[in-house]
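The values are calculated or read from the model by the stated rules, or taken from the named source; none is laboratory data. Source: prediction; values computed, not measured. Cβ: placed from backbone, ideal geometry, glycine included. Neighbour counts: every protein chain shown. To get the accessible areas, we keep the full protein, side chains included, count just its heavy atoms, and leave off ligands, DNA and RNA. Shrake-Rupley method; radii C 1.70, N 1.55, O 1.52, S 1.80 Å.
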Amino acid sequence: MNDHSSPAVDYDFLKTLSVLYVEDDPEIRELLSHFLARRVKRLELAENGQEGLEAFRRGHHDIVVTDIKMPVMDGLDMAEHIKSQGRDKDVPIIVITAYSDRDYLIRAIDLGIDRYVTKPIDADLLLDAIYKSAHARFNQLELEHAHQEVLDTLQQTVTILSRAIEMRDPYTDGHQKRVSQLAVAIAQEMGLSEAQVAGIRLGALIHDIGKIHVPTEILSKPGHLSPLEFDIIKTHAEAGYDILKHTSFPWPIDRMILQHHEKLDGSGYPNGLKGDAIIIEARIITVADVIEAMSSHRPYRAALGIEAAEEEISQRRGVLYDEDVVACCLKVLAQHGHRVFEQ
Ligand SMILES: [Fe+2]
Ligand SMILES: [Fe+2]
């Protein structure tokens, strides 16, 4: 847990930190706060865990330094409360411990305490621990921020692509965006991981990318299509897959696109896949696609309405459409109705 070898303490970095220091012994508190106050940007003091927790909830702190044994609430109970908070739950916590507190250390490790410093306190070692923990957290936040920026840029790029595809197919303007919004809501309702939801958001946004391969005269033809024209439309799933198949996204976007017209009983296209052979992402997009298509206006028919769409997926759940996906989709629609397309 403790590593005193490297790197050297960066005093300028310390000067940017807001530190919460919790200690019940007035003498130690006085001594150490005097030492710390001159080396950090802001130092807040508390006399026990309860006071410390209240101070933590009131204001932003980059790091918490705490004694363990204290009246009212001990340092580990305070740490447990902090670690269970949604916001700032990853703030580094350093505990100050006496050798007689060894049993507490086991609990400290279980709680995910970052570091410990033993009594009698060596102020330089404490400063070193503060620096290392706060700096590691800073680096982690930077990384998360950079990751989010890449994801946002990717999302914007894919949205541009989505809009470009739909320019050739004016009758389905905004279709992919709306399918994406509903598919994301279904995936979240199903409890899929954040990473999977991010993949579905992007995959659904370009699920019809293969339509770039279909002549505009067919895409924008009013009235019903001949069987041959419909066969040409059907090529869009495989054409989309061909566009994406050599990419290395961390999500199976190529297969989401390839499989978005497959049906559970094998009656879909292009490969007549059945059941679990169709990936869950595609099973979700399929249902969102049906709902969006049926509730929107088409040149050859008026909108059938969201109720008719719900009827369709309810009646064929377990046959064409995944049971769980349908159940979650109906829940989402019951909660949000049309508004799910406007988020
Ligand atoms: Fe499609
Ligand atoms: Fe579609």
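Residue by residue, here is whether (1) farther than 20 Å from His260 by Cα; (2) at pLDDT 90 or above; (3) of a type in the set (A, V, I, L, M, F, W, C); (4) more than 16 Å from ligand 1 (Cβ to nearest atom) holds:
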site	(1), (2), (3), (4)
Ala129	yes, yes, yes, yes
His145	yes, yes, no, yes
Leu154	yes, yes, yes, yes
Ile165	no, no, yes, no
Gln181	no, yes, no, yes
Gln188	no, yes, no, yes
Gly191	yes, yes, no, yes
Ser220	yes, no, no, no
Glu229	no, yes, no, no
When you go through Ile306, Ile284 one by one, which is the residue that is in the same structural domain as Ala195 (by TED's automatic domain parsing), modelled with pLDDT under 95 and within 29 Å of the chain's Cα centre (by Cα)?
-> Ile306
Output yes when any residue across the range 300-308 is open to solvent by 40 Å² or more (accessible area, probe 1.4 Å), more than 15 Å from ligand 1 (Cβ to nearest atom) and closer than 20 Å to Ser267 by Cα, and no when none is.
-> no
Evaluate the following for His261: is it in the same structural domain as Arg201 (by TED's automatic domain parsing) and open to solvent by less than 40 Å² (accessible area, probe 1.4 Å)?
-> yes
Complete set of residues in the range 166-188 that are within 27 Å of the chain's Cα centre (by Cα) and open to solvent by less than 50 Å² (accessible area, probe 1.4 Å) | Gly174, His175, Gln176, Val179, Ser180, Gln181, Leu182, Ala183, Val184, Ala185, Ile186, Ala187
At positive phi and in the same structural domain as Pro222 (by TED's automatic domain parsing) - does that describe any residue in the range 294-301?
-> no
Among (1) over 16 Å from Arg255 (Cα atoms); (2) in contact (Cβ under 8 Å) with a residue 40 or more places away in the chain; (3) charged (D, E, K, R), Glu217 falls short only on (2)
Would you check which residues across the range 231-246 are assigned to a helix (DSSP H, G or I) and within 12 Å of ligand 1 (Cβ to nearest atom) and list them?
-> Ile233, Lys234, His236, Ala237, Glu238, Ala239, Gly240, Tyr241
Checked the range 288-299 for anything in contact (Cβ under 8 Å) with a residue 60 or more places away in the chain and within 13 Å of ligand 1 (Cβ to nearest atom); matches are Ala288, Asp289, Glu292, Ala293
Does Arg163 satisfy the condition of being open to solvent by 60 Å² or more (accessible area, probe 1.4 Å), closer than 30 Å to Leu20 by Cβ, in a helix (DSSP H, G or I) and free of Cβ contacts under 8 Å to residues at least 60 places away in the same chain?
-> no
Is it the case that some residue within the range 254-276 is assigned to a helix (DSSP H, G or I), over 24 Å from the mean Cα position of the chain (by Cα) and away from ligand 1 (no atom under 11 Å from the Cβ)?
-> yes
Which ranges mark the helices (runs of 4 or more DSSP H) fully within the range 6-63 that have 1 or more residues being under 31 Å from the mean Cα position of the chain (by Cα) and touching a residue at least 60 places away in the same chain (Cβ under 8 Å)?
-> 11-14
Among the residues of the range 309-343, which ones are of a type in the set (Asp, Glu) and either more than 25 Å from Leu264 (Cα to Cα) or free of Cβ contacts under 8 Å to residues at least 40 places away in the same chain (or both)?
-> Glu310, Glu311, Glu312, Glu323, Glu342
In the range 196-217, which residues are open to solvent by 20 Å² or more (accessible area, probe 1.4 Å) and either under 19 Å from Pro270 (Cα atoms) or outside any helix (DSSP H, G or I) (or both)?
-> Lys211, Ile212, His213, Pro215
